[in-house]
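What follows is a short report on a single structure.
The values are calculated or read from the model by the stated rules, or taken from the named source; none is laboratory data. What you see is a predicted model, and the numbers here were worked out from it, not measured in a lab. Backbone-built Cβ (ideal geometry, glycine too); neighbour counts: all protein chains shown. These accessible areas exclude ligands, DNA and RNA; they are computed on the full protein's heavy atoms, side chains included. Shrake-Rupley method; radii C 1.70, N 1.55, O 1.52, S 1.80 Å.
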Amino acid sequence: MRLLITGGAGFIGANFVHQTVEEHPDVSVTVLDALTYAGDEASLAPVADRISFARGDVADAELVDRLVADADAVVHFAAESHNDNSLSNPWPFVRTNVVGTYTLLEAVRRHEVRYHHISTDEVYGDLELDDPAKFTPTTPYNPSSPYSSTKAASDLLVRAWVRSFGVQATISNCSNNYGPYQHVEKFIPRQITNVVDGVRPKLYGTGENVRDWIHVRDHNSAVWAILERGRIGETYLIGADGEENNKTVVELILELMGLEPDAYDLVSDRPGHDMRYAIDSTKLRDELGWSPRYTTFRDGLAATVDWYRANEAWWRPQKDATEARYAQLGR
Ligand code: NAD
Ligand code: DAU
């Protein structure tokens with residue numbers, strides 16, 4: 001199979017490329033990535049001699065057409081992915097997430113290529129802390145931020161291209177990922193690298209917000225299950241029953257890094273901050289026989305702390321610019 005992976009130099013995409021090279025050696029991988037501030041070719045260095053890399057924009061119709069024409073399937077990870085950035089400057093989110101997805105859909109339609117769309121649980125909005133409900137594939141869309149609304153728009157484009165044009169597509173909506181190669185702007189790597197730098201972790205608001213954590217390798221094994229066995233036109237929710245509030249996560253990071261669990265600061269809240277996400281992944285588990293392997297959050301987090309300690313050369317170049325952006329927001 002010839003697989004085109006967009007956003008393969010980003011966090012989840014790079015881990016997906018690594019896993020694909022390790023576990024599906026018969027697959028020929030091409031990565032398309034614009035190498036924005038969030039993409040890093042160094043994340044692909046361990047597999048560089050086993051893949052092809054094209055630097056370019058998913059909204060570049062000519063380039064996308066050429067690459068899709070040479071593929072049997074596309075997995076579309078590329079996106080502007082950070083909520084805080086989307087609140088400061090929404091336009092790149094509209095362009096990459098909406099126009100970029102449209103560009104890919106038109107190309108897979110022309111060339112009749114299988115397409116898998118990577119999306120987020122944030123399209124469903126948020127839940128109250130005491131709500132027993134979780135998101136399911138029939139939960140109505142209700143996105144809160146410019147980021148999540150552009151992801152919701154891209155999901156709806158995919159659904160329309162399946163129904164109106166017969167495009168062979170599937171969609172997955174996953175919860176919060178953690179693991180190696182995640183940009184230091186995101187919650188867990190930001191706090192780990194702050195502690196390495198002797199800076200106190202920063203919790204937005206009261207720290208009560210809940211995220212449903214999944215290890216990136218479990219997200220990616222689910223994507224492979226959908227690619228191989230998913231039903232065309234279907235949406236699968238990916239989650240590993242990993243609900244934790246932000247305060248607990250920071251306390252665990254501090255403990256794992258040998259500091260007092262209360263050595264953090266509360267900072268101003270994110271506008272429109274979603275309270276809680278929670279995924280019901282029954283459909284994925286029952287239909288495709290998928291289950292997560294990294295189910296002990298503490299162990300996965302400890303391994304992630306070790307990875308950031310051992311790979312400072314990878315994250316250090318991004319750290320100062322990231323913290324300068326946060327300083328402008330007062331967070
Ligand atoms: P990321 O920000 O780490 O990586 C995004 C990658 O896309 C980068 O390599 C960047 O260079 C590339 N990119 C951005 N704009 C591009 C463009 N116009 N053309 C080509 N490449 C471009 O993101 P991530 O956290 O790895 O997320 C990947 C996907 O997974 C996204 O679609 C995101 O919405 C989705 N997702 C993320 C999470 C999570 O917890 N991080 C959870 C669920 C879904
Ligand atoms: O749910 C899936 C989504 O998870 C993905 O679609 C997004 O691409 C991904 O970025 C992530 O979105 P969040 O906004 O949940 O992730 P973030 O890492 O930015 O923040 C996680 C939680 O931690 C959130 O409640 C905000 C809080 N936070 C974040 C930062 C950066 C803090 O308390 N302090 C911080 O310094």
Note the full-extension length gain between Glu312 and Gln168 as 0.36 nm times their separation in residues minus their Cα-Cα distance, in nm to one decimal.
47.7 nm
Mind running the shape call on the chain? Use the C-alpha gyration tensor, a ≥ b ≥ c as the square roots of the eigenvalues: rounded below 1.5 for a/c, prolate if a/b tops b/c, oblate otherwise.
prolate
Taking amide hydrogens as modeled 1.01 Å from N in the peptide plane, which residues meet the under 5 Å criterion relative to Tyr204, leaving out close sequence neighbours?
Val267
If I take every Cα pair under 8 Å that is 6 or more residues apart in the chain, average their sequence separation and divide by the length, what percent do I get for the relative contact order?
17
Would you kindly derive the ³J(HN,Hα) couplings of the range 57-72 from the backbone phi angles with the Karplus curve 6.51 cos²θ - 1.76 cosθ + 1.60 (θ = phi - 60°), listing them in order in whole Hz, with x for Gly and Pro?
9, 5, 9, 8, 4, 5, 4, 4, 4, 5, 6, 5, 4, 9, 10, 9
Report Rg(Cα)/(2.2 N^0.38 Å) for the range 184-314, keeping two decimals.
1.18
Relative contact order, percent, the range 170-275 [alpha-carbon distance under 8 Å, six or more residues apart]:
40
For the range 166-182, 3J(HN,Hα) per residue [Karplus equation, 6.51 cos²θ - 1.76 cosθ + 1.60, θ = phi - 60°, Hz, x = Gly/Pro]:
x, 4, 8, 10, 10, 10, 10, 10, 10, 8, 5, 8, 9, x, x, 6, 8
Between the DSSP loop rule and a limit of at most 16 other Cβ atoms within 10 Å, which trypsin sites (Lys or Arg not before Pro) in the range 43-87 are left?
none
Using a probe of 1.4 angstrom, how much of the accessible area of the range 280-323 is carbon and sulfur, in percent?
46
The range 175-290 - charge dipole about Cα centre, Lys and Arg +1 at Cβ, Asp and Glu -1, debye rounded to 20
340
Note to self, the chain gives a 222 nm [θ] from helices alone (DSSP H runs n ≥ 4, -39500 (n - 2.57) apiece, / all residues, nearest 500) of -12500 deg cm²/dmol
Once ligands and nucleic acids are excluded and a 1.4 Å probe is used, how much of Trp315 is accessible, expressed in Å² to the nearest 10?
0
Around Asp130: net Lys/Arg minus Asp/Glu count, Cβ-Cβ under 15 Å:
-3
How much of the accessible area of the range 159-212, probe 1.4 Å, is carbon plus sulfur, in whole percent?
50
In nm, the gap between the two label points placed 7 Å beyond Cα toward Cβ at Met1 and Ala42 is 3.2
How big is the charge dipole of the range 263-302 about its Cα centre, in debye rounded to the nearest 20, if each Lys and Arg gets +1 on its Cβ and each Asp and Glu gets -1 on its Cβ?
120
Using a 1.4 Å probe over the heavy atoms of the protein chains, calculate the carbon and sulfur portion of the accessible area of the range 66-126 as a whole percent.
48
What is the distance in Å between the Cα centroid of the range 137-153 and that of the range 1-61?
26
For the range 56-152, what is the largest minus smallest coordinate of the Cα atoms on each principal axis, given in angstrom and ordered from greatest to least?
49, 30, 14
Assign unit charges at the C-beta atoms only (+1 for Lys and Arg, -1 for Asp and Glu), then state the dipole size of the range 1-128 relative to its Cα centre in Debye, rounded to the nearest 20.
400
In Å², rounded to a whole number, the accessible area per residue of the chain with probe 1.4 Å is 41
Sequence-separation-based contact order of the range 1-113, relative, with Cα cut under 8 Å and 6+ spacing, percent:
31
Any chance you could check the Cα centroid distance between the range 302-331 and the range 170-220 for me, in angstrom?
12
Per residue of the range 113-127, what does 6.51 cos²θ - 1.76 cosθ + 1.60 with θ = phi - 60° give for ³J(HN,Hα)? Whole Hz please, x for Gly and Pro, Karplus curve as stated.
10, 4, 9, 10, 9, 8, 9, 10, 5, 5, 4, 8, x, 9, 10
